[in-house]
1. Kindly provide the set of residues from region 1-25 that are closer than 21 Å to G84 by Cα and without any contact (Cβ under 8 Å) to a residue 60 or more places away in the chain, ordered by number.
2. Quickly run through region 69-90 and pick out the residues that are surrounded by fewer than 16 Cβ atoms within 10 Å (Cβ to Cβ), hydrophobic (A, V, I, L, M, F, W, C) and in a helix (DSSP H, G or I).
3. Give the number of residues within region 27-68 that are surrounded by 16 or more Cβ atoms within 10 Å (Cβ to Cβ), part of a helix (DSSP H, G or I) and touching a residue at least 60 places away in the same chain (Cβ under 8 Å).
4. Residue pairs, Cβ under 9 Å, 6 or more apart or interchain, first in region 70-81 and closer than 14 Å to L22 by Cβ, second among the hydroxyl-bearing types (S, T, Y). List them.
5. Among the candidates G64, G17, single out the residue that is touching a helix residue (DSSP H, G or I) at 6+ places or on another chain (Cβ under 8 Å) and on the phi < 0 side of the Ramachandran plot.
Amino acid sequence: MTTTGILIGAATFLIIGLFHPLVVKAEYYLGARCWWVFLLVGLGCIAGSLFACGVWSILLGVVGFSSLWSIHEILKQRERVEKGWFPEGPGHRPKRQKDK
């Protein structure tokens, strides 16, 4: 009997679970402009997964693709803030006033 699958499943669950509050906090403090950080982390982890062995390769892949998915989520989070579902943080640019 091996527990590798269950451990990878649990680790994947935790990684995805950690990315949700990370996206919310990043959007709150930095705004949606920080999407490129998620891109670099994602691509770096995916590249690292190509060279890692065993379980580490799998976990780096999960972190990498979770980070790439977070780009989509951070843009959706901006929409949620605009709808008033989440508070607007200090990382938001001041809104331009329309000329009359």
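1. Result: H20, P21, L22, V23, K25.
2. W69, L75
3. 3
4. Q77/Y28
5. That would be G64, the only listed residue that is touching a helix residue (DSSP H, G or I) at 6+ places or on another chain (Cβ under 8 Å) and on the phi < 0 side of the Ramachandran plot.
Rule-based calculations on the coordinates, nothing more; no lab input. Keep in mind the model is a prediction, meaning the values are calculated, not measured. Virtual Cβ from ideal backbone geometry, glycine too; neighbours counted across all protein chains shown.
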